[in-house]
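Beneath this line is the structure, given in structure tokens, with notes to follow.
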Amino acid sequence: MTILTFDIEEWFHLLDHPSTRAEEDWAKFPSRIHENVDRILEMLSRNNQKSTFFCLGWVARKYPEIIKKIAESGNEIATHSDLHQLAYQQNRAAFAEDLKRSIESLEAITGKKIRAYRAPGFSLMESNKWVFSELIQQGIEIDCSIFPAQRAHGGFANFGQQAPCWVDLDGFKLKEFPINVTTMAGLPVIFSGGGYFRLLPDAILAKLWDQQKYVMTYFHPRDFDAGQPMIQDLSLIRKFKSYYGLSGALSKLERLMVGREFIDLAKADLMVNWDTARTVYL
């Protein structure tokens with residue numbers, strides 16, 4: 001089961017950077033989202049693939065034509081929050097309002113129920129696990145936010161098996177499709193998206209891919225945009241993680257698609273026997 005997903009946000013929506021964190025600062029950056037989303041949709045069309053697009057509510061209000069185009073191309077729309085803030089930096093009321101606004105903005109365009117959510121930066125952890133209660137209260141059925149190891153932006157180090165499962169919080173259950181990781185030099189590494197996907201050569205990625213029974217991918221429009229400006233005042237490590245390998249990332253993904261089946265979240269949900277899936281109690 002290899003699930004293909006894209007997080008739809010602008011190129012400047014970097015986490016943990018003061019110049020890009022607040023909505024009022026975003027107008028100073030040029031928009032690149034139309035050409036970047038078109039690049040993804042054209043690639044999917046060439047390869048006869050469908051995907052789940054986790055979209056910001058902000059994108060839906062500012063560029064409704066983008067959400068409409070994604071939906072009309074037969075791809076699934078889910079929410080990636082409204083304003084792309086780290087969930088653990090929000091209190092419960094702020095998170096609930098952000099989630100509500102994102103769902104309403106997306107549903108107003110698609111006319112379909114938003115069933116799935118992914119937190120920016122996989123920013124869920126023990127201290128804000130109340131997020132799952134808010135998701136359930138607002139009609140979300142599937143979460144894709146859990147990072148099953150400790151990391152800078154959160155994570156659940158004791159989550160266990162990386163596979164579709166139920167998450168149970170105080171007796172309320174939600175379907176979970178966690179990110180999956182491998183271990184390199186003793187550290188957890190996400191190889192199915194982001195900087196490590198762009199860094200690792202094809203042969204290593206193909207081997208990692210084929211060793212897994214379950215792979216949850218996550219890509220962003222900026223991952224394939226070699227012409228994007230560089231955000232100033234980034235650390236050297238962050239520059240490397242954010243900008244290395246952009247020019248070859250899309251062709252790398254296409255090469256990995258050869259001989260492998262990629263599916264969207266909706267199809268993956270139907271493939272899981274939820275009656276026998278394990279339950280993780282948080």
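How high is the relative contact order of region 1-149? Use alpha-carbon pairs under 8 Å, at least six apart in sequence, and give a whole percent. Kindly include the intermediate steps, with their values, before the conclusion.
Details: 210 pairs, mean separation 31.2, N = 149.
That works out to 21 percent.
Set the Förster radius R0 to 22 Å, insert the Cβ-Cβ distance between Lys50 and Arg278 as r into 1/(1 + (r/R0)^6), and round the FRET efficiency to 0.05. If you can, show how the numbers build up before the last one.
Numbers: r = 27 Å, r/R0 = 1.24.
Plugging the Cβ-Cβ distance into 1/(1 + (r/R0)^6) gives 0.20.
Which net charge results when you count Lys and Arg as +1 and Asp and Glu as -1 among the other residues whose beta-carbon is under 12 Å from that of Lys50? Numbers along the way, then the final one.
Working: positive: Lys267; negative: Glu76, Glu261, Asp264.
That sum, taken over residues with Cβ under 12 Å, equals -2.
Step through the residues of region 45-54 one at a time and calculate ³J(HN,Hα) from phi using the Karplus curve (6.51 cos²θ - 1.76 cosθ + 1.60, θ = phi - 60°), rounding each to whole Hz and writing x for Gly and Pro.
Each residue's phi maps through the Karplus curve to give 5, 4, 9, 6, 10, 10, 9, 9, 10, 7 Hz.
Using the beta-carbon distance between Val258 and Glu35 and R0 = 25 Å, what value does 1/(1 + (r/R0)^6) give for FRET efficiency, to the nearest 0.05? Intermediate values should be presented prior to the final figure.
On the way: r = 25 Å, r/R0 = 1.01.
That gives a FRET efficiency of 0.50.
Spin-label point model (7 Å from Cα, Cβ direction): what's the Lys69 to Ser251 distance in nm?
Roughly 2.3 nm, to one decimal.
Using 0.36 nm times the number of residues separating Gln232 and Glu126, minus their current alpha carbon distance, what extension gain do you get?
Numbers: separation 106, 0.36 × 106 = 38.16 nm, distance 3.27 nm.
Length gained, Gln232 through Glu126: 34.9 nm.
Would you please calculate the Kirkwood hydrodynamic radius of the chain over all C-alpha pairs and express it in Å, rounded to one decimal? Mind showing how you got there, number by number?
Details: mean 1/r = 0.0526 Å⁻¹.
The answer is 19.0 Å.
If the label point is 7 Å along Cα→Cβ of Trp209, which residues in region 1-25 have backbone nitrogen under 15 Å from it?
So the set is 1-5.
May I ask which of Lys113/Lys175; Lys112/Lys252; Lys112/Lys173 have a Cα-Cα span longer than 28 Å here? Each step should come with its number before you reach the end.
Working: Lys113/Lys175 16 Å; Lys112/Lys252 33 Å; Lys112/Lys173 22 Å.
Among Lys113/Lys175; Lys112/Lys252; Lys112/Lys173, the Cα-Cα distance tops 28 Å for Lys112/Lys252.
For Ala78, list long-range residues whose amide hydrogen, built 1.01 Å from N in the peptide plane, is under 5 Å from its own amide hydrogen.
Those qualifying (amide H under 5 Å, at least 5 residues apart or on another chain) are Phe53, Phe54, Cys55.
Placing one identical point scatterer on every Cα of region 225-272 and ignoring solvent, what is log10 I(q)/I(0) from the Debye formula at q = 0.19, 0.29 Å⁻¹?
With one equal scatterer per Cα and no solvent, log10 I(q)/I(0) is -0.76, -1.04.
What ranking do 2-8, 160-166, 25-31 get when scored by the average of other Cβ atoms within 10 Å per residue, highest first?
Values: 2-8: 25.0, 160-166: 17.4, 25-31: 12.1.
In descending order of packing, they fall as 2-8, 160-166, 25-31.
Among Asp98, Asp168, Asp16, which one moves the most in a GNM of the chain with springs linking Cα atoms closer than 10 Å?
Result for the chain, Cα springs under 10 Å: Asp16 fluctuates most.
Could you give the distance between the Cα centres of region 209-282 and region 79-145, to the whole Å?
Answer, in whole Å: 20.
Once you've got the GNM for the chain with C-alpha springs shorter than 10 Å, pick whichever of Ser242, Ser105, Ser73 has the biggest mean-square fluctuation.
Ser73
Over the chain, what is the relative contact order in whole percent, taking alpha-carbon pairs under 8 Å and six or more residues apart? Intermediate results must be reported in sequence, preceding the final value.
On the way: 487 pairs, mean separation 64.9, N = 282.
The value is 23 percent.
When the helix-only estimate is applied to the chain (DSSP H runs of n ≥ 4, each -39,500 (n - 2.57), divided by the residue count), what is the mean residue ellipticity at 222 nm, nearest 500 deg cm²/dmol? Could you put the intermediate results ahead of the total?
Numbers: 11 runs with 102 residues, N = 282.
Calculated from helices alone, the mean residue ellipticity at 222 nm is -10500 deg cm²/dmol.
In nm², what is the average projected area of the convex hull enclosing the Cα atoms of region 137-282? Could you put the intermediate results ahead of the total?
Details: hull surface 43.1 nm².
Taking the Cα atoms of region 137-282, their convex hull projects to 10.8 nm² on average.
None of the figures in this text is laboratory data; all of them are computed from the coordinates on show. In this text, all values refer to a predicted model and were calculated from it rather than measured experimentally. Cβ atoms come from the backbone with ideal geometry, glycine included; neighbour counts cover every protein chain shown.
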